[in-house]
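Following: one structure in structure tokens, then a few remarks.
The values are calculated or read from the model by the stated rules, or taken from the named source; none is laboratory data. Since we're looking at a predicted model, the values are computed, not measured. Neighbour counts are summed over all protein chains in view; Cβ atoms, including those assigned to glycine, are modelled from backbone coordinates with ideal geometry. Surface areas here come from the heavy atoms of the whole protein model, side chains and all, with no ligands, DNA or RNA. Shrake-Rupley method; radii C 1.70, N 1.55, O 1.52, S 1.80 Å.
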Amino acid sequence: ASHLAGGTHHATGEEGRGYTILNDLAVVARLMTWRAEGHDGDIGDDTETETEEDDSVLREFYRGEDGRPVERVLVVDCDVHQGDGTASFHVDPNSSSSDDDGSATSSFHGKNHLHGKLFTLDLHAASNYPFAKAKCTYDYPLPDHCPDDLYLSTLEMALDLAWNEVRPQLVLYNAGVDVHRSDRLGRLAISREGMKRRDYCVISKCVERGIPVAAVVGGGYDEDVRALGRRHALVHRVCAQIWREKEMWKRGR
């Protein structure tokens, strides 16, 4: 699946940051991993009836036919800026309330329900915002003017590592186009073809492994809005291309 918006990865559970008010990736991860039998108070109310209703809504609208929650969600964040807000949601609840570098941790109603369930793989420009970096599960800071080849080889290595260690049951892909070499706020040197190859790499690897994947468009900054729109359209074109190549309609998906 691919969405025409989303990727608001700087917001924490306590505050908005970096043009983002709430963290849609963390919200999706929470909805997809929430269990009614372990009702913990941050979705719905404390009554048994409302808990059952909440679970029914989740099954019907979010989780597909079987309605079962997932145990492990991997966020693959390829926006040029590190997804510091998303990373704050999987901090160990037994750790201190902030990291050594001053970056905040986050929670739902004082509990970190996503610890051990949400994992983050993040490729970003090392010298770009946020300047105080969070601690992702897999962090890959890249040098200024990083070219296609280095970017793509790093991505492939990182994905293989994450597949083997996390064994995700759901992937959320932030396909930010601010990695493009002409982006106003990016520091990398990725071409249009490089971004297309990036999107194809992530989506196709998920499909080949039978892992459900949902893509969001992430960041992108250019005074030429038509050019920017064409870059954002790449991930949707890639999804359609893979759908045709893999004849996915035959899989009942």
Summing +1 per Lys or Arg and -1 per Asp or Glu among the other residues with Cβ less than 12 Å from HIS236's Cβ gives +3
Computed from the beta carbon distance with a Förster radius of 25 Å, FRET efficiency for ASP149 and ARG244 to the nearest 0.05 stands at 0.35
Applied in sequence order to the stretch 67-76, the curve 6.51 cos²θ - 1.76 cosθ + 1.60 (Karplus, θ = phi - 60°) yields integer Hz couplings, x standing for Gly and Pro, of x, 7, x, 9, 9, 9, 10, 10, 9, 9
Which residues qualify? For THR120, with a placed amide H closer than 5 Å and at least 5 residues away or on another chain, they are VAL75, THR137, TYR138
With a 21 Å threshold on alpha-carbon distance, the violating pairs from LYS205/LYS246; LYS135/LYS205; LYS196/LYS246 are LYS135/LYS205
Lys and Arg at +1, Asp and Glu at -1: neighbours of PRO141 with Cβ under 10 Å from its Cβ sum to -1
Expected field for GLU223, accessible surface area in Å² at 1.4 Å probe radius, rounded to 10, holds 150 Å²
